[in-house]
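Read the structure below first, then the notes.
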Amino acid sequence: MNEQIIENYLAETLETFRNYKKLAERALVQVSDDEFFVLIDAESNSLAMIAKHIGGNLRSRFADFLDSDGEKADRDRDSEFVTETDTRESVMTVWETGWQTLFDTLESLTVEDVGKTVKIRTEDFTVTKALSRSLSHISYHVGQIAFLAKHLRATEWKTLSVPRGKTNEFNEYLAENKNKAHYLDASQTFAEQSSKKSD
């Protein structure tokens with residue numbers, strides 16, 4: 001595979017992970033501490049549980065990524081869904097540790113590393129398949145975070161994307177502000193400006 005293509009793949013994968021983290025945190029910051037831990041029904045996970053699970057999963061998968069099994073012996077997955085003795089701060093520490101482990105690993109990967117094989121629960125995965133698997137897993141849970149936070153905030157929710165009924169205006173805004181900001185930052189700025197105009 002062309003070296004530049006591999007470098008682009010690694011850079012774009014890292015950027016996509018960073019975008020999912022940013023989206024999740026923009027949702028999480030909107031909820032109160034009580035809402036962070038609330039269960040909407042007996043079978044649901046709270047925002048705290050999802051955040052703790054993501055952090056635990058990422059630390060396990062990406063610590064010593066190339067040389068040890070992605071399901072680490074010291075990981076207690078079941079405990080990621082138990083938060084009775086946790087605080088918001090303790091959960092977010094697990095969250096940050098997991099994400100930083102992921103980012104440090106992705107930033108260290110070389111073109112040669114992409115051709116290697118890693119293990120997850122003793123099963124062999126190419127590096128690209130392991131990254132795609134993790135990205136799919138993260139996007140699934142970030143979607144849950146956004147949905148649950150929006151549900152809890154209801155009418156006080158601040159959109160993470162383009163406000164309803166504002167697509168054409170946003171497209172014009174993007175055209176006028178081309179290359180000035182990342183898409184996620186642009187959509188947030190636009191949403192905030194639109195909200196101020198409607199107040």
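The values are calculated or read from the model by the stated rules, or taken from the named source; none is laboratory data. Source: prediction; values computed, not measured. Cβ coordinates were reconstructed from backbone atoms using ideal geometry, including for glycine residues, and neighbour counts include every protein chain displayed.
So which residues in the range 107-124 are touching a residue at least 24 places away in the same chain (Cβ under 8 Å) and in a strand (DSSP E or B)? Scanning the range 107-124 gives V118, K119, I120. Determine if the range 133-143 includes at least one residue that is of a type in the set (D, E, K, R), touching a strand residue (DSSP E or B) at 6+ places or on another chain (Cβ under 9 Å) and part of a helix (DSSP H, G or I). Yes, the range 133-143 contains at least one residue that is of a type in the set (D, E, K, R), touching a strand residue (DSSP E or B) at 6+ places or on another chain (Cβ under 9 Å) and part of a helix (DSSP H, G or I). Do we find that Y9 is within 19 Å of L131 (Cα to Cα), over 17 Å from the mean Cα position of the chain (by Cα), in the same structural domain as S132 (by TED's automatic domain parsing) and not in a loop (DSSP other than H, G, I, E, B) in this structure? Judged against the criteria, Y9 is a match. S79 - would you say it is farther than 26 Å from K22 by Cβ, assigned by TED's automatic domain parsing to the domain that holds L23 and in a helix (DSSP H, G or I)? It is true that S79 is farther than 26 Å from K22 by Cβ, assigned by TED's automatic domain parsing to the domain that holds L23 and in a helix (DSSP H, G or I).
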